[in-house]
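Read the figures in this text as sums done on the coordinates, not as results from a lab. Bear in mind that the values here come from a model prediction, so they are computed numbers and not experimental data. Note that we place each Cβ from the backbone using ideal geometry, even for glycine, and neighbour counts take in every protein chain shown.
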Amino acid sequence: MVTFILGGARSGKSHYAERLAVELGGEAVLYVATAQAFDEEMQVRIARHRAERPVGWSTLEATQLVGTAIGRFLATADTIPKVVLLDCLTVLVSNVLLAFDDPFEAAVENAISQEVDALMQCVQTTTPHYVSHYIIVSNEVGLGLVPPYALGRAYRDLLGRANQRLAQIADRVVFMVAGLPMVVKGSGGGE
């Protein structure tokens, strides 16, 4: 089972995802964090998120090659988690994009596509044999104005395509608005 949670900034995506992970997996959760601490503000933010997570959860920090990292973790873990929570695809796509000098070169889209392919392959090969549920969080960045700069437009387009691909394989897609979940695909359970 894959639940894909989308929404804008501060829409309640992560809080909802964490609540769902507790409901579905209890303490048997692998939290996959994609953020990097480039500055002091991000260091504080990451530390706060770590402190707020349930103590029994495992954490995997992976800024790229996330599908491979999850697969390695599951292959070597003493206890297999019931739930894998990836927070978030938004930052993962940004990490891949910023590794390139030109956001419009074909290699960028190819690298992001490979990243999504590897994640989807990991999901397909580990459920239901190992993990019973994946929860993937991402921002919906296509509802606002067209960004006035090239990097922003490239990012919006690349993330939008990645979101579409994951929504297609997801059993359930939830769109968050002001902390309220709206199920746009699949059943409404898990609230």
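Once you keep just the Cα pairs under 8 angstrom separated by 6 or more residues, what percentage relative contact order results for the chain? Please list the in-between numbers first.
On the way: 307 pairs, mean separation 70.2, N = 191.
After rounding, I find 37 percent.
Over all alpha-carbon pairs in the stretch 82-140, figure out the percentage whose distance exceeds 16 Å.
51
So, with +1 on the Cβ of K and R and -1 on the Cβ of D and E, and no other charges, what is the size of the charge dipole of the stretch 1-119 about its Cα centre, to the nearest 20 debye?
560
Report the Stokes-Einstein translational diffusion coefficient (µm² s⁻¹, integer) for the stretch 84-191, Rh taken as the Kirkwood radius over Cα pairs, at 4 °C with viscosity 1.567 mPa s.
86
At a 10 angstrom cut-off on C-beta neighbours, averaged per residue, how do the peptides 61-74, 101-114, 79-92, 171-184 rank from highest to lowest?
For the peptides 61-74, 101-114, 79-92, 171-184, the packing ranking is 79-92, 61-74, 171-184, 101-114.
State the Kirkwood hydrodynamic radius of the stretch 47-130 in Å, one decimal place, computed from all pairs of distinct Cα atoms.
This gives a value of 14.2 Å.
Whose amide H sits under 5 Å from the amide H of Val174, counting only residues 5 or more places off or on another chain, with H placed in the peptide plane?
HN-HN under 5 Å from Val174: Phe4, Ile5, Leu6, Val184.
Note down the nm distance, to one decimal, between modelled labels 7 Å out along Cα→Cβ at Tyr149 and at Val184.
2.7
How are the Cα pair distances of the chain distributed, in percent, across 10 Å bins from 0?
9, 37, 39, 14, 1
I want the antiparallel fraction of DSSP beta bridges within the chain, as a percent rounded to 5. Don't jump to the answer; show the numbers that get you there.
Values: 5 of 30 bridges.
Looking only at bridges with both residues in the chain, the antiparallel portion is about 15 percent.
Mind jotting down the three principal axis lengths of the stretch 138-188 based on Cα atoms? Whole angstrom, largest first.
Sorted largest first, the three principal extents are 38, 25, 11 Å.
At 222 nm, what value in deg cm²/dmol follows for the chain if DSSP H runs of at least 4 each add -39500 (n - 2.57) and the sum is divided by all its residues, to the nearest 500?
-15000 deg cm²/dmol, from helical runs alone.
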